[in-house]
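The structure appears right after this line, and notes come after that.
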Amino acid sequence: MVALDNVSFSLEAGQTLAIFGPNGAGKTTLLKVLAGLIRPDAGRATVAGGRGAIGWIGHQSHLYGHLTVRENLLFWAALYAVPATIRATRADATLRQLGIADRAEQAVWSLSRGLAQRAAIAKALIHDPPVLLLDEPFTGLDLAAAAEFRALLARLQGAGRVVVLATHNVGEGVELATDVAFQRRGRFVHFAPRGARGAAPNSVRRLQSSRMPIAKSRLHECAGRSTTPPRVRFGRGERLRRARSRRPRRGAVPPDAEWPFRTRP
């Protein structure tokens, strides 16, 4: 099964790419490849600054439930090598930014789904990353929190961040995006600057062309953007195969077992 096939693009500072597509299109796999969590079978993915330059929001919060929200942020700040002298200040500022300063001393396990998502967003921002990879970041947020987060992303984009956003919510994604992609069965069937609907097929072909360097693709030249090295680059012909494992699922009950799961002699 091919999860990503012939996906190719590059992004520069200040750009936000919104990726839309049905379940199983490969959006999460693409973000994981960019984050360095999955290695593709062919091609390459490059993020200027490496993993330390990435703020990641996935389907899991990656927060420790027995720690408080503030303790989690301090822990992740240390992992990202934020100087010890500013960790506490950075954590407090990030909590205020996300509107959860009053939950700083609350254990993560006791938070609601929406508050836990805000804490996960704070974790992704604690080291002030230049690149944000966001997989369904609005999940669990109420209308007010979602609006605040959109405003925050707009400010980060204005400060020169690169954002790659995978979402099912077309309205929220298009509002933030400078570029839009539609993904289906591992491929980009549409990729163009927001509003350039008619140019989408040509743009896709140009980005996939082996004769044109990715950093100087015609799509970026038409948009009048700088040809300086981009922050995020996904090389031509990225291809990743998911092999279905034939090994039994860990913890599965054997077929010859009986209650209470004692194997028959």
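Overview of values
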read-out: Cβ-derived FRET efficiency at R0 22 Å, GLU175 paired with ASP102, nearest 0.05; value: 0.20
read-out: Stretchable slack from ASN23 to LEU37, in nm (0.36 nm times residue separation minus alpha-carbon distance); value: 3.1 nm
read-out: Cβ-based net charge around SER112, under 11 Å, with every Lys or Arg adding one and every Asp or Glu removing one; value: +2
read-out: Pair ALA81, LEU67: separation of 7 Å Cα→Cβ label points (nm); value: 1.9 nm
read-out: Segment 28-167: Rg to Rh, with Rh as the Kirkwood radius over Cα pairs; value: 0.95
read-out: Rounded FRET efficiency, nearest 0.05, which uses the C-beta distance separating ARG44 from TRP109 and R0 of 45 Å; value: 0.70
read-out: Unit charges at the beta carbon, dipole of segment 20-101: most positive-side option, PHE75, ILE57, THR46; value: THR46
read-out: Computed E for HIS59/ALA159 - FRET, C-beta separation, R0 35 angstrom, nearest 0.05; value: 0.85
read-out: Normalised convex hull volume, segment 1-44, alpha-carbon set, Å³ per residue; value: 90 Å³
read-out: Accessible area of segment 1-76 divided out per residue, in Å², using a probe of 1.4 angstrom; value: 42 Å²
read-out: In order through segment 115-124: 3J(HN,Hα) via Karplus (6.51 cos²θ - 1.76 cosθ + 1.60), integer Hz, x for Gly, Pro; value: 5, 5, 5, 5, 4, 5, 5, 4, 4, 5
read-out: Full-extension gain in nm, ARG51 to ALA93, via 0.36 nm per residue minus C-alpha separation; value: 12.8 nm
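The values are calculated or read from the model by the stated rules, or taken from the named source; none is laboratory data. Given the structure is predicted, the values throughout are model-derived calculations rather than measurements. FYI the Cβ positions are ideal-geometry reconstructions off the backbone, even for glycines, and counts take in every protein chain you see. In case anyone asks, the SASA skips ligands and DNA or RNA and just uses the protein heavy atoms, side chains included. Shrake-Rupley method; radii C 1.70, N 1.55, O 1.52, S 1.80 Å.
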